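**Student:** This is the structure I want to talk about, given as structure tokens.
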Amino acid sequence: PSDSAIRDFWRWLRERGALPQPSPPVRPAFVPEGLGLVAERDMLRNELLMEIPKKLWINADTVAASAIGPVTLGLIPWVSIALFILREKAMGTASSWRPYLDILPQETDSPIFWSEEELSQIRGTQLLNTTIGVKEYVQSEFNKVEDEVILPNKHLFPKTITAADFLWAFGVLRSRAFSRLRGDKIALIPFADLINHSSTITSEDICWEIKGKGVFSRELMFSLRTPAYVKAGEQVYIQYDLEKSNTELVDYGFIDRRQRREVYTMTLEISESDPFYGDKLDIAESSGLGEIAYFDIVLDEPLPPLMLPYLRLVAIGGTDAFLLEAIFRNSVWGHLELPVSRANEERICRVVREACNSALSGHHTTIEEVLHLPIYCLHFTMNS
Ligand code: SAM
């Protein structure tokens with residue numbers, strides 16, 4: 001965005017009563033992360049940065065109350081919001097949201113915006129699979145909404161909306177919606193969404209809340225506070241989500257090297273062709289697992305507690321099969337805590353090793369290099 005776009009945005013916020021008098025404690029500024037919020041004065045932890053009234057949020061209610069409300073009824077909230085911002089953007093100066101829409105980035109570094117060439121660099125990774133899956137999902141939602149809403153209502157959508165536009169809108173929502181405002185609650189909160197993430201903020205406290213204000217607390221506000229002390233002229237940051245792995249953070253277009261974010265999801269499966277399929281599934285379900293189980297392995301941390309027992313269960317065969325009998329149902333998980341037999345352990349090792357080799361063979365790079373890559377993926381079943 002240009003300087004003049006930022007000035008327009010500032011004026012827009014002021015006219016709509018989103019800036020406190022006499023002077024707001026933060027202002028938008030160009031920073032290494034794109035736009036960000038810079039402190040105008042020294043601030044202590046937990047000081048109020050802003051209160052954004054509900055009339056400035058863009059959420060499902062905003063869309064419902066707009067001209068496209070009647071034709072977007074029943075759409076998934078993010079899809080209706082995507083249509084709304086694309087339509088408002090196409091309206092140019094006729095849209096009352098223009099000053100906000102004009103400061104949104106053209107794209108982020110999220111892999112959904114990478115070129116084919118860039119994506120080829122992550123061949124063989126979990127990230128590539130996820131990215132392809134996400135893009136397919138967005139494309140299929142686009143196809144549906146184009147057929148069912150856009151094309152039949154040409155008078156409401158005079159300008160063409162392309163699949164690329166729709167992906168942009170998805171990317172905007174994905175990278176700007178606060179992590180606890182997802183699903184039905186998804187919303188764009190102008191100004192508050194300029195705050196960037198820093199790994200140095202590690203407090204678990206959420207620094208924003210939605211609360212009622214004014215007469216009878218009738219007006220809802222999104223209020224944002226400083227999670228840490230900040231000096232005048234410095235950028236204010238928050239922690240986006242301590243729970244997110246790098247595979248998820250990368251949706252925002254960056255990863256975080258400072259914390260235990262290196263997570264690798266192992267997908268294990270009881271094969272339908274397994275002669276003991278039914279019994280194994282029964283046992284898995286008794287521990288809240290299923291036919292397919294996902295285990296997040298965090299770098300430098302112990303394996304998830306149920307992972308080895310589940311692997312042993314999946315690998316049971318031959319003379320160990322007696323453990324699957326109904327009389328052991330109550331104690332079988334206890335048995336699976338420890339090796340069941342030498343053959344069973346060997347089988348696990350062999351299958352895991354083969355799965356690793358085959359996953360790694362998808363990469364361009366050598367095994368030594370791959371071991372330094374943060375994000376990769378394994379999915380295997382035991383057939384042999
Ligand atoms: N910087 C954004 C902008 O220019 O509009 C405002 C924050 S927006 C909620 C989230 C986006 O900011 C992310 O998708 C990413 O592009 C950028 N961002 C936030 N924190 C970052 C960080 N620590 N490193 C790199 N980019 C970051």
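**Student:** Quick one: which residue in E118, E107, E88 is under 17 Å from I186 (Cβ atoms) and among the acidic types (D, E)?
**Tutor:** Every option except E88 fails the conditions.
**Student:** For the stretch 165-175, does any single residue satisfy the condition of being assigned to a helix (DSSP H, G or I), more than 21 Å from the chain's Cα centre (by Cα) and of a type outside the set (A, V, I, L, M)? Explain how you work it out, then say what you get.
**Tutor:** Taking the stretch 165-175 as the starting set, the residues that turn out to be assigned to a helix (DSSP H, G or I) are 165-175.
Still in the running and more than 21 Å from the chain's Cα centre (by Cα): none.
So far as the stretch 165-175 goes, no, none of its residues is assigned to a helix (DSSP H, G or I), more than 21 Å from the chain's Cα centre (by Cα) and of a type outside the set (A, V, I, L, M).
Yes/no per residue for (1) over 26 Å from K154 (Cβ atoms); (2) buried (at least 19 other Cβ atoms within 10 Å of the Cβ):
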residue	(1), (2)
G74	no, no
W78	no, yes
A82	no, yes
R87	no, yes
M91	no, no
E107	yes, no
E116	yes, no
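**Student:** Collect the residues in the stretch 116-126 that are under 18 Å from F254 (Cβ atoms) and either assigned to a loop (DSSP other than H, G, I, E, B) or in contact (Cβ under 8 Å) with a residue 12 or more places away in the chain (or both), keeping them in residue-number order.
**Tutor:** We begin by selecting, within the stretch 116-126, every residue under 18 Å from F254 (Cβ atoms); these are 118-119, 121-122, 125-126.
Matches in the stretch 116-126: L119, Q121, I122, T125, Q126.
**Student:** Looking at the stretch 264-318, which of its residues are of a type in the set (G, A, S), outside any helix (DSSP H, G or I) and within 20 Å of R342 (Cα to Cα)?
**Tutor:** Scanning the stretch 264-318 gives a single hit, G317.
**Student:** Look at the stretch 179-208 and say how many of its residues are part of a helix (DSSP H, G or I) and of a type in the set (D, E). Steps first, please.
**Tutor:** From the stretch 179-208, those part of a helix (DSSP H, G or I) are 183-185, 192-194; that's our starting set.
The next check asks that each one be of a type in the set (D, E); those that pass are 184, 193.
Here the count works out to 2.
**Student:** If only one of S179, S223, S217, S199 is surrounded by fewer than 21 Cβ atoms within 10 Å (Cβ to Cβ), within 16 Å of the ligand (Cβ to nearest atom) and under 29 Å from L19 (Cβ atoms), which one is it?
**Tutor:** Numbers: S223 fails: within 16 Å of the ligand (Cβ to nearest atom); S217 fails: within 16 Å of the ligand (Cβ to nearest atom); S199 fails: under 29 Å from L19 (Cβ atoms).
So the residue among S179, S223, S217, S199 that is surrounded by fewer than 21 Cβ atoms within 10 Å (Cβ to Cβ), within 16 Å of the ligand (Cβ to nearest atom) and under 29 Å from L19 (Cβ atoms) is S179.
**Student:** Checking the structure you have, find out if any residue of the stretch 318-335 is out of contact with any Leu (no Cβ under 7 Å at 6 or more places or on another chain) and within 30 Å of L127 (Cβ to Cβ).
**Tutor:** Looking for residues that are out of contact with any Leu (no Cβ under 7 Å at 6 or more places or on another chain) and within 30 Å of L127 (Cβ to Cβ), one finds none in the stretch 318-335, hence no.
**Student:** Determine which single condition S2 fails, assuming it passes every other condition in (1) small (G, A, S); (2) surrounded by 13 or more Cβ atoms within 10 Å (Cβ to Cβ); (3) without any contact (Cβ under 8 Å) to a residue 24 or more places away in the chain.
**Tutor:** Here S2 meets the rest and fails (2).
**Student:** Looking only at residues in the stretch 230-243 that are in a loop (DSSP other than H, G, I, E, B) and surrounded by fewer than 19 Cβ atoms within 10 Å (Cβ to Cβ), which one is nearest to the ligand (Cβ to nearest atom)?
**Tutor:** The qualifying residue nearest to the ligand (Cβ to nearest atom) is D241.
**Student:** Report yes if some residue within the stretch 332-339 is crowded, with 17+ Cβ neighbours inside 10 Å and under 30 Å from the mean Cα position of the chain (by Cα); otherwise report no.
**Tutor:** Scanning the stretch 332-339, I find no residue that is crowded, with 17+ Cβ neighbours inside 10 Å and under 30 Å from the mean Cα position of the chain (by Cα), so the answer is no.
**Student:** Can I ask one more? If L188 satisfies every condition in (1) surrounded by 12 or more Cβ atoms within 10 Å (Cβ to Cβ); (2) within 15 Å of the ligand (Cβ to nearest atom); (3) over 25 Å from G17 (Cα atoms) but one, which is the exception?
**Tutor:** Tallying (1) surrounded by 12 or more Cβ atoms within 10 Å (Cβ to Cβ); (2) within 15 Å of the ligand (Cβ to nearest atom); (3) over 25 Å from G17 (Cα atoms), L188 fails exactly one: (3).
**Student:** Restricting to the stretch 284-295, name every residue that is over 16 Å from V352 (Cβ atoms) and not hydroxyl-bearing (S, T, Y).
**Tutor:** A284, E285, G288, L289, G290, E291, I292
**Student:** If we keep just the residues of the stretch 244-265 that are away from the ligand (no atom under 14 Å from the Cβ) and out of contact with any helix residue (DSSP H, G or I) (no Cβ under 8 Å at 6 or more places or on another chain), which is farthest from D109 (Cα to Cα)?
**Tutor:** Let us first name the residues in the stretch 244-265 that are away from the ligand (no atom under 14 Å from the Cβ), namely 245, 247, 260, 262-265.
Filter once more, so that each one left must be out of contact with any helix residue (DSSP H, G or I) (no Cβ under 8 Å at 6 or more places or on another chain): 245, 260.
Values: S245: 17, R260: 21 Å.
Out of the qualifying residues, it is R260.
**Student:** Just checking, which of L268, L306 is without any contact (Cβ under 8 Å) to a residue 24 or more places away in the chain, more than 20 Å from the chain's Cα centre (by Cα), buried (at least 17 other Cβ atoms within 10 Å of the Cβ) and more than 16 Å from the ligand (Cβ to nearest atom)?
**Tutor:** Numbers: L268 fails: without any contact (Cβ under 8 Å) to a residue 24 or more places away in the chain.
After ruling out the rest, the residue left standing is L306.
Laboratory data are not the source of any read-out in this text; all were calculated from the coordinates shown. Nothing here was measured: the structure is a model prediction, and the numbers come from that model. Quick reminder, even Gly has a Cβ in these numbers, built from the backbone with ideal geometry, and neighbours come from all protein chains shown.
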